[in-house]
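What follows is calculated from the coordinates using simple rules that are stated; it is not laboratory data. Here the structure is a predicted model, which means the values were calculated and not measured.
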Amino acid sequence: MNLMSVPAVAGISIGAAIAVTFNKKNRQKTAGGKAIIFIGSFLVTLAALLALNFGIYYSNSR
């Protein structure tokens with residue numbers, strides 16, 4: 001299995017953050033609330049994908 005490129009990881013993270021921000025549940029939030037949700041979901045998704053990428057790297061190097 002190959003590692004994901006940095007632009008792919010960033011693109012997936014941004015797409016997931018946009019999807020979470022404009023979800024039906026968060027539609028009534030203020031602009032500041034949506035910004036916090038966007039940044040938080042971007043960082044959580046980014047951390048998860050980087051952990052996945054590290055796991056792929058570790059399994060390939062063993």
Next item on the list: Consider all pairwise Cα distances in the range 6-56 and report the whole-number % of them above 12 Å.
Entry: 62
Item checked: Computed over the chain: relative contact order in percent, which uses C-alpha pairs under 8 Å that are six or more apart -> 48
